[in-house]
Amino acid sequence: MESRSNGIELEHVSKSYGSVLALNDLSFDIPVGGRFALLGPNGAGKSTTLKLLIGSLRAETGSVKILGAAPESKESKAVVGYLPEDALPYRMLSVRENLEYIAALRGVEDVKGRTDFLLDELDLRHYERSNVGRLSRGNTQKLAIALAIVHTPKVLLLDEPLNYLDIPTQEKVIAMLDRMEGTHLVSTHIMAIAHRLTDSVVMISKGMFLWEGTIDELRKKGSPEEPIESVVARMMAGAS
Amino acid sequence: MLPKLLKFVIRTRFSRPLLILIAIMLVYFAAVSTLIPSQQANLILGYYGTGIVALFLAMALAAGGVMIFKSDRDYLFTLPLSTRDLSIAIFFSQFIGFGITILFMFGYLYQTIASPLLLVDLVALALAFTSLGVIAPPMTTRLRVALSVGLALWTLAALANFPLSPGAAFNGNVYGGTVTIIALAVVTTTLAFRSLSRIELDMMRSLVRTTSSDIKSPNSYAGKSPVGAIYSMNLSNMSLAGRMNMAGTSRYISRRVKTRWVVATAAVGAAAYFIYALQGAPAPAVSGTDTFSGAILVAVVLAFFSFFLSQSAITNERIWLSLTALPPAIYFRHLIASRVISLMLILAPFAAANAVLFALGYGVALGALGVVLAVIPGAFVLEICWAAYIAPIQVKGDDMVMAAQFSLRQLATALPLGGVILLVSIASIFPVVAIAGGLFLCAVSALLTMSGGFWSRVTTKLTENGFV
C-alpha cells in the first residue's frame, strides 16, 4: 500500500466495450473518509467505474486504486464492500446462509455474531431460514445491503442503495450507513438520496470527468429558488 | 390471428440464426444417417435409443417448465387474445425449444428409423417430451421425482424385452413400443393442452415453478475458513440441472438437493448396473457384449448428467459477492475442485461397480472404470470452462427462460457434449482410449483450473455479460 490519503483514486482511466468508449481518460480522487455521490446521465459510465473499482473489469489505460492498492489485489478485496444495482444474493441459500457464507468467505471472525447483528439491524430475523428466491424485492435489497457491509468495509461502493426499500427501512439504512466509518461512493440518479447519504459529488458524463465539489457548492451554482436537480440537469446537458 | 401470434412467440424466443441452424442440422443429420450401415445403427439404437428416451422423458418431467418470459406476463398476456391461440403458440414454441431435441438425439439414425412406424414414434416422443414439461410445474417435487423415476424405469424395461414400454420400439418390439409411445403422447399432449387452455391468464405465473419458501435444514458456515466455506457449500448441496442447453434452451432448476440423496440414488443405479452386467454376461472373460452395451449406456447417461451439473456451476454464481471477497483465480479454483469432488461422490458407486466387475474377470469393465474416474470428471471441468467462456448466462429470477437466451452462442455451449458422448462410448469399449482420453482431459482441465489468466478473462466476460 502506498498513499493512504485517498480512499479511491482513478487516474486517466479509459475502458471500452468493443467499439463503445465507456470511460475516456477519467480521473478523480476521493479522500479517506469522504462521502461522495457519483452522478451522471444514463450511459455516463457510473456502473463501469464501480466495476473497475471492485476489479471485475480492468482499465485499458490509466490506474485505479483503493487505499493505494490495485482493485484485484487481496488487500483491496479485504477492505471493499460493494452493492450493485438490483443486487441478487445466492438464490439457492437462505438469508442466514447467505450472510454466513459471505462472512466466512471474507474471513469475518465472529460469523454468527455478525450475522445475528445484521439480521436484527435490518429486520430480517423473521426470514433467516427463507429461501432468497422467495423474498420480496425489498427484503432482498435489505439482505444485499447486509451482505455488502458484513465485513465492515473501509471503502463502500453503493449503486442505488435505497431502491425498493420502504421509507422506514430507508431511514434505518441511512442511519446505519451514517454510523459506519470509511470512504463511501454512492452512485444514484436521485439527488435527495445523494444529499442524505453523502456531502460531496463527482459528476461524470460520456465517461469523462465533469465536476467535483460539495453538495452545497453544487447548490450555489443555481439561483436560490432553483431545485438542485435542475442545476445538475443543466450541467449534464451542457456537457452533452 | 394464430399465425401472427405463432410468429411473434417464436421470434421472441429464438434468434433467426438459431432457427436456420436447427433446420440445417435436421437436414444434415438426415444426410449423415445415410452413411451409417443400418445393422450398426440398429445396434446403437437398441441401447442408446432406450437410454436417451428414458433420460429425456424423466428430465422433462423432473425439470419441467413452460417457456414464459416476464415480458409475456407483463404485455402479451394482457392483450385480448384467445386462450386457445395462446396455448397453441406457447406449446409450439415449447416444441421447438424442447421437443425437437429428440430429433437431434436420433438425427444420425434417421435412415434406420425411417420406417413409417418408427417415424411416428419419434414425433410422438417429441410431443410427449414437450407435454411433460408443460404438465410438470404444478406438481410437488416428490410427485415429480417419483413419476420421473417411474417413467425412466418403465422405459428401461424395454432392455428386459418388456414390449409395452416407451423404449420398446427401439429395442425390437416395434408394435408394442409404438402403441405405448402413441398412448403416452396422446395422454400427455391432452393434459398439456388442457393445462394451458384452462388456466386464467394470471395463472400462467403458476406454470413458472418457484422455489420453496423455507430451507428445512440450513447449513452453517460459522467457524469455516474462506476456502472451507466454498467446499462446505458445494459438497453439501447441488443444483442438478442449472442450465440445460439442448437446442439452445436455457432453464433453471431452483430446488437444491442434498448431495447425500443424489449419492444414495447413484448407489442404487450402480447396483442395478452391476446386477445387469452380471446377468448379461454371466461367464467372466467371455466376449461380454452385453457388458459393453450396458457400460456404454451407463457412461452416456452419466455424461449427460455431469453435463447438466456442469451448467449450474457458473450460472448460479454471484460475482458481486464471491469475486469481491476472493481473487477470481482462487475462488474459481476451489469452486471447481469442490464441484468435481461432488461429482466424484456420485460417480463413486459406478466406479466401484466397474472395479468389482474388472476384478471378477470382466476385462471390458476397465474401460468403463476409466470413463467414470477420468473421462467424465475431466470433461465436466472443460464443460464448465467452455460455458463460462463462450456464453455465460446468470439466472436471476424465477422465469424459466429469459429473452435473448436462445442464441447460437447458447447452442455452442452444448457442442462439447457431442464429443464427450462419442469419447465415452468408444472409451467404454477400449480401455486404452479411456485411459489416454481421461488423462488428456484431466491434464487440460487442471491447466485451465490453475490458470489465473483464464479466470481473469472469464471474470471480465461474466461482467460484460451482465452478471451481477
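The values are calculated or read from the model by the stated rules, or taken from the named source; none is laboratory data. All of these numbers come straight from a predicted model, not from anything done at the bench. Cβ sites come from the backbone with ideal geometry, for glycine too, and all protein chains shown count toward neighbours. Just so you know, the surface numbers come from the protein's heavy atoms only, side chains and all, with ligands and any DNA or RNA stripped out. Shrake-Rupley method; radii C 1.70, N 1.55, O 1.52, S 1.80 Å.
Counting only heavy atoms of the protein chains and using a 1.4 Å probe, residue B:75 has close to 150 Å² of accessible surface. For a paramagnetic label modelled on residue B:95 (point 7 Å from Cα along Cα→Cβ), amide N atoms under 16 Å away belong, within the range B:52-89, to B:67, B:84-89.
Residues of the range A:93-110 whose accessible area, computed with a 1.4 Å probe over protein heavy atoms, drops by at least 20 Å² once all protein chains are present relative to their chain alone are A:93, A:97, A:100, A:101, A:102, A:104, A:105, A:106. The simple spin-label model puts a point 7 Å past each Cα toward its Cβ; for residue B:191 and residue B:422 those points are separated by 3.8 nm. Taking all protein chains together and a 1.4 Å probe, the residues B:236, B:131 rank B:236, B:131 from largest to smallest accessible area. Only protein heavy atoms count here; under a 1.4 Å probe, residue B:154 has an accessible surface of about 90 Å².
Below 8 Å, C-alpha to C-alpha, sequence gap of six or more: please give me the relative contact order for the range A:109-237 in percent. The partial results should precede the final answer.
Numbers: 107 pairs, mean separation 20.3, N = 129.
It comes to 16 percent, rounded to a whole number.
Looking at chain A alone, DSSP beta bridges between its own residues are antiparallel in about 55 percent of cases.
Of the residues A:81, A:218, B:189, the one whose Cα sits farthest towards the positive end of the charge dipole of the protein assembly as shown is B:189 (charges of +1 on Lys and Arg Cβ, -1 on Asp and Glu Cβ, taken about the Cα centre).
For residue B:70, project a label point 7 Å along Cα to C-beta. Then give me every residue of the range A:89-125 with its amide nitrogen under 20 Å of that point. Counting backbone N atoms under 20 Å from the label point, the list is A:89-93.
Expressed as a whole percent, the accessible area of the protein assembly as shown that falls on carbon and sulfur atoms is 65 (1.4 Å probe). Taking every DSSP beta bridge that has both residues in the protein assembly as shown, what percent is antiparallel when rounded to the nearest 5? DSSP beta bridges in the protein assembly as shown are roughly 60 percent antiparallel. Both chains summed, the buried accessible area for B and A stands near 3800 Å², from protein heavy atoms and a 1.4 Å probe.
The modelled label-to-label distance for the pair residue A:109/residue B:430, using points 7 Å beyond Cα in the direction of Cβ, is 6.1 nm.
Arrange the residues B:9, B:32 by how much accessible surface each exposes, largest first, with a 1.4 angstrom probe. Display every interim value, and only then the final one.
On the way: B:9 0, B:32 40 Å².
Final ranking, largest accessible area leading: B:32, B:9.
Within a straight-line Cα-Cα reach of under 17 Å, residue B:224 can be paired with the following aspartates and glutamates, leaving aside sequence neighbours fewer than 8 residues apart in one chain: A:97, A:100, A:109, A:110, A:116. Working note: 222 nm ellipticity from helices only, DSSP H runs with n ≥ 4, each -39,500 (n - 2.57), summed and divided by the residues of chain A, gives -10500 deg cm²/dmol to the nearest 500.
Provide the per residue accessible area, probe 1.4 Å, for the protein assembly as shown, rounded to a whole number of square angstrom. Could the numbers behind the result be given before it?
Numbers: 27860 Å² over 708 residues.
Each residue of the protein assembly as shown exposes 39 Å² on average to a 1.4 Å probe.
Between residue B:220 and residue B:260, the FRET efficiency estimated from the beta carbon spacing at R0 = 22 angstrom works out to 0.85.
Between the range A:166-240 and the range B:329-393, the alpha-carbon centres lie 53 Å apart.
Just by accessible area at a 1.4 angstrom probe, what is the order of B:29, B:170 from largest to smallest? Please list the in-between numbers first.
Working: B:29 40, B:170 10 Å².
Most to least solvent-accessible, the answer reads B:29, B:170.
When only Cα pairs under 8 Å and 6 or more residues apart are kept, what is the percent relative contact order across the range B:129-179?
On the way: 45 pairs, mean separation 9.9, N = 51.
19 percent.
Largest GNM mean-square fluctuation among A:44, A:175, A:22, using chain A with Cα springs under 10 Å: A:175. Comparing each chain alone with all protein chains together (probe 1.4 Å, DNA, RNA and ligands left out), the residues of the range B:317-345 losing at least 40 Å² of accessible area are B:318, B:320, B:321, B:324, B:325, B:327.
How much space per residue, in cubic angstrom, does the convex hull of the C-alpha atoms of the protein assembly as shown take up?
Values: hull volume 118.8 nm³, N = 708.
Each residue corresponds to 168 Å³ of Cα convex hull volume.
The separation of the range A:76-155 from the range B:121-193, counted between C-alpha centres, amounts to 44 Å. Counting heavy atoms of the protein chains alone, residue A:73 has an accessible area of about 30 Å² for a 1.4 Å probe. Legend: calculated FRET efficiency, residue A:63 to residue A:42, from the Cβ-Cβ distance at R0 = 22 Å, rounded to 0.05, equals 0.25.
Considering amide H positions built from the backbone, and no H for Pro or chain starts, which residues 5 or more places from residue A:82, or on another chain, come under 5 Å of its amide H? Amide H to amide H, under 5 Å and 5 or more residues apart or across chains, residue A:82 pairs with A:157. Rg/Rh for the range A:122-240 stands at 1.04; both radii use Cα atoms, and Rh follows the Kirkwood definition.
The string of couplings for the range B:22-27 from the Karplus curve (6.51, -1.76, 1.60, θ = phi - 60°) is 4, 5, 5, 5, 4, 5 Hz, one whole number per residue in order, with x for Gly and Pro. Taking the Cα centre of the range A:43-169 as origin, work out the dipole magnitude from +1 charges on Lys and Arg Cβ and -1 charges on Asp and Glu Cβ, in debye rounded to 20. Charge dipole of the range A:43-169: 260 debye, to the nearest 20.
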